[in-house]
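One structure is given below, encoded as structure tokens.
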């Protein structure tokens, strides 16, 4: 602001005449200064709320945030619209660009929100004290919630004992059948996975790396195995392979016990040309052996044939281009009433109601070898070439299953369809009795969504679908008491999948099965809970070396090394002079079977005291409550005898 020239002159005169000559002049000078200040204040812009720079910046930021929020919403709608388009109309590049635009908008919004909050923050007072700063930091920390992402889970040591048993049991049986293992990347190029899973393709997690490659987390272990065979067909024209690894699906967790977004699968596959149905029969035998060894309870393996199912569709008048869509609807009969499945076929899939009724006459049939004989007597069905091929292969397969002695476990179920597109022959699922999701009663409501079909929630769970979390997705259901486990293993024959990656040059027929570890774990954990899971050993440790009196740290360390060298698992307390009670508490807490107690007297005489803590019904010589004293030289042999040959 321009200063008044007169005031500048007065200031200059005042500076040159700092000491006035008389009192009257001094009074005049003071009066002049007051007038100057009044004039300056009159020309200065008064501070008002409407013209404050800080307030103006705040209003501008709020408007920009509102506009960006609208852009983010519109872009999100566009992404969802692109993703929900039919698979044949989807453009991966367009979807990726839309997602990238959405990410940029969100980043810009977060940045603007941060700037806005800084602009609105009042200036810090110089008198603010340190305790206030601490309370603000504490408030920020309280807002941050520690949790794992939806559909994932931490497993505690006692749970891992069950899981390790599952892995070791399955691996042992796979190796008994001559399988070798491989490993593949946790993510694949998106084009490798696209078009292989039918309606379930929407559950694939898509990624985009910095180089611009479109990648996806693996949905299962079968398609990566087929890609591996196509790339290594000369080296592995035939192979028995097993693979245990995590897979990822953008599913709604807790709809079914053991249904997660990140979970383990244990796969066994036989690749290569063989005579019909021999390899298929062995894979089904492996399924029975694994489930029996894991003691999951009474189970049934549902069996069907894709050729038979396609022949039935053809016979009933289903257009060939709708085979897989109708097959996906039929596959829901174990979770939905027929009236709802029929409604999905006719209203969603556009099938003629009369055709749907003809399909219903077949897909409701279940049985064993008697059903196979009944179908052979259906001259209309046998006249269909595809259906007859399926029946002939089923007849041969059942004869081989009788040889392996597993036919009593099999249920021939024409409603089994398996939603994945790559199956070409025999298909099967293993279900534990009493753990399958309940079949929904007939309802006039809309048919199940794809998420419900793959998860099988109860009707109660379905009614809570409106509940959403902060991300807008269905909230995870914690109460699983009324939710079934569903199938715990599934598989089938896929003869054309490898050829899809090699333009048909290397067509390697395959058959396999996949075990769902999370669902098996859910069953075994429930069984353990009935016997109190707290009684499970917290560690796989056989011996705890402890001392009484003096700490005897060096002696305890030497004894532990002796046990380790002998192949026995052992621990000791990391204290130079531990209290006896504390050591016994560790033994009790971790359910360690044997405690070796060192004392000055035993050390002098070359003996140790062994006390059996777990399995007290066993007879360890004339053991009393204080244990039994044995020579140090006999310690290893005695422990091994008690551990490996209890009697």
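Below are the figures for this structure:
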read-out	value
Filter result for residue 256 (buried (at least 21 other Cβ atoms within 10 Å of the Cβ) and either under 30 Å from residue 186 (Cα atoms) or modelled with pLDDT under 95 (or both))	yes
Flag if residue 439 is modelled with pLDDT under 75, out of contact with any strand residue (DSSP E or B) (no Cβ under 6 Å at 6 or more places or on another chain) and surrounded by 22 or more Cβ atoms within 10 Å (Cβ to Cβ)	no
Residue in segment 537-547 that is under 30 Å from residue 233 (Cβ atoms), modelled with pLDDT of 90 or more and touching a helix residue (DSSP H, G or I) at 6+ places or on another chain (Cβ under 7 Å) present	no
Conditions (1) modelled with pLDDT under 90; (2) loosely packed, with under 15 Cβ neighbours inside 10 Å: number failed by residue 456	(2)
Residue match in segment 349-358 (condition: touching a residue at least 12 places away in the same chain (Cβ under 8 Å), closer than 20 Å to residue 490 by Cβ and surrounded by 14 or more Cβ atoms within 10 Å (Cβ to Cβ))	no
Residue in segment 199-209 that is part of a helix (DSSP H, G or I), surrounded by fewer than 21 Cβ atoms within 10 Å (Cβ to Cβ) and modelled with pLDDT of 95 or more present	no
Output for segment 385-406, where each listed residue is touching a helix residue (DSSP H, G or I) at 6+ places or on another chain (Cβ under 7 Å) and over 18 Å from residue 491 (Cβ atoms)	386, 387, 388, 389, 391, 395
Among the residues listed as 158, 175, the single one being at pLDDT 90 or above, in a helix (DSSP H, G or I) and surrounded by 12 or more Cβ atoms within 10 Å (Cβ to Cβ)	175
Selected residue [surrounded by fewer than 16 Cβ atoms within 10 Å (Cβ to Cβ) and in contact (Cβ under 8 Å) with a residue 60 or more places away in the chain] from 601, 585, 562	562
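Every residue, every condition in (1) out of contact with any strand residue (DSSP E or B) (no Cβ under 8 Å at 6 or more places or on another chain); (2) closer than 23 Å to residue 168 by Cα; (3) surrounded by fewer than 20 Cβ atoms within 10 Å (Cβ to Cβ), yes or no:
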{"position": "221", "(1), (2), (3)": "no, yes, no"}
{"position": "241", "(1), (2), (3)": "no, yes, no"}
{"position": "307", "(1), (2), (3)": "yes, no, no"}
{"position": "314", "(1), (2), (3)": "yes, no, yes"}
{"position": "323", "(1), (2), (3)": "yes, no, yes"}
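The values are calculated or read from the model by the stated rules, or taken from the named source; none is laboratory data. Nothing here was measured: the structure is a model prediction, and the numbers come from that model. No Cβ is skipped: glycine too gets one built from the backbone with ideal geometry, and neighbour counts run over all protein chains shown.
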